[in-house]
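Peer 1: For reference, the structure I am asking about is given below.
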Amino acid sequence: MIKKVHIIGLGLMGTNLGLKLVEKGILVSGTDILEQNVVRAKEYGALNNEFDSQDDYDLTVLSMPINEIISFFDSDFTQIKTKLIMDLGGTKHLIRLKMDNSVIPCVGGHPLCGVADNETWEPNPWIYNDAPFLLCKTNSSNDEVNKIASNFVSLIDSREIWIDSEKHDELISLTSHLPHMLSSALVSVAMKEQNLNQLLDLASGGFDGATRLSRTSPNMISDMYLTNMENVKKLITKLIYELQEILSIEDEVIMNQYLFETVEWRRALANKFGERDLS
């Protein structure tokens, strides 16, 4: 049973996780390199316990940018007395390579419940409710800590999905990292081609939906891209090919056929899973 958790990194994900755990009656402590984040987390009620390096923790959660998670494993982290270390990073394989050699058991984690704008946000612990929570075994993990990871995901009302770290990065590059880069690229085109005020008068829900991901923290997107670059570059190359195919179409029948196939595939996806809120 999980009774005591320490969270390192008190931004959007870490603070909301703290709120969720406190709600469940768990003792939660937290630290952050920015004191203002600690103060905010306490004001929100996300922390109900003070961190003590002499205490024993059931779980320590790394809720920091990906490169900071990687750097964590190059530091003297063994002073933390914890049964398990889990991260919440958006890429997994490079982190997993660090976790493999950890003297403290580690499991990779990735909750799929972020929001488009993670710079300005309000506390909302319910983002974890029914969210897919991807878990990756490591060479340092074992059946005991894997069970702790499973219990943790159940505790915060998320859905447990175990996946290989390399497969994770391959799939997430398509479902998350490429869309983020496309969103930023579309905004870049708009910035260079049109006056902002004129554009805002005419921009519809389609433009808003296609560009909302560009509101995400640049540091976070850069981290995701640079730690999963090979997979994302492969997809960008394939996307360029698709755009070139579209450029070559000058016949209505062929264009309709191309669009019909993509529309039917996307509608089938919506019919199976429903449409998600674009918040």
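Peer 1: Applying the selection to region 54-75, what residues are of a type in the set (Ser, Thr, Tyr) and surrounded by fewer than 19 Cβ atoms within 10 Å (Cβ to Cβ)?
Peer 2: 71, 75
Peer 1: Looking for something buried (at least 17 other Cβ atoms within 10 Å of the Cβ), in contact with a Lys or Arg (Cβ under 9 Å, 6 or more places away or on another chain) and hydroxyl-bearing (Ser, Thr, Tyr) - is there at least one such residue anywhere in region 84-97?
Peer 2: Taking every residue of region 84-97 in turn, none turns out to be buried (at least 17 other Cβ atoms within 10 Å of the Cβ), in contact with a Lys or Arg (Cβ under 9 Å, 6 or more places away or on another chain) and hydroxyl-bearing (Ser, Thr, Tyr).
Peer 1: Inspect region 30-45 for any residue being among the hydrophobic types (A, V, I, L, M, F, W, C), assigned by TED's automatic domain parsing to the domain that holds residue 69, touching a helix residue (DSSP H, G or I) at 6+ places or on another chain (Cβ under 9 Å) and closer than 14 Å to residue 156 by Cα and give the result as yes or no.
Peer 2: There is no residue in region 30-45 that is among the hydrophobic types (A, V, I, L, M, F, W, C), assigned by TED's automatic domain parsing to the domain that holds residue 69, touching a helix residue (DSSP H, G or I) at 6+ places or on another chain (Cβ under 9 Å) and closer than 14 Å to residue 156 by Cα.
Peer 1: Of the residues that make up region 242-258, is at least one at negative phi and within 26 Å of the chain's Cα centre (by Cα)?
Peer 2: Within region 242-258 (the criterion being at negative phi and within 26 Å of the chain's Cα centre (by Cα)), the answer is no, since none of the residues qualifies.
Peer 1: If the requirement is being surrounded by fewer than 15 Cβ atoms within 10 Å (Cβ to Cβ), closer than 17 Å to residue 82 by Cβ and without any contact (Cβ under 8 Å) to a residue 40 or more places away in the chain, which of these qualifies: 35, 50, 43?
Peer 2: 50
Peer 1: Hey, can you tell me all the residues within region 98-110 that are surrounded by fewer than 17 Cβ atoms within 10 Å (Cβ to Cβ) and in a helix (DSSP H, G or I)?
Peer 2: Across region 98-110, the qualifying residue is only 100.
Peer 1: Kindly indicate the residue of region 129-162 that is farther than 15 Å from residue 88 by Cα and part of a loop (DSSP other than H, G, I, E, B) and also farthest from the chain's Cα centre (by Cα) among those meeting that condition.
Peer 2: 142
Peer 1: Something else about it: Looking at region 74-95, is at least one residue aromatic (Phe, Trp, Tyr) and either outside the structural domain of residue 40 (by TED's automatic domain parsing) or more than 25 Å from residue 1 (Cα to Cα) (or both)?
Peer 2: no
The values are calculated or read from the model by the stated rules, or taken from the named source; none is laboratory data. The structure displayed is predicted, hence computed values, not measured ones. All Cβ positions, even for glycine, are placed from backbone atoms using ideal geometry, and neighbour counts span all protein chains on display.
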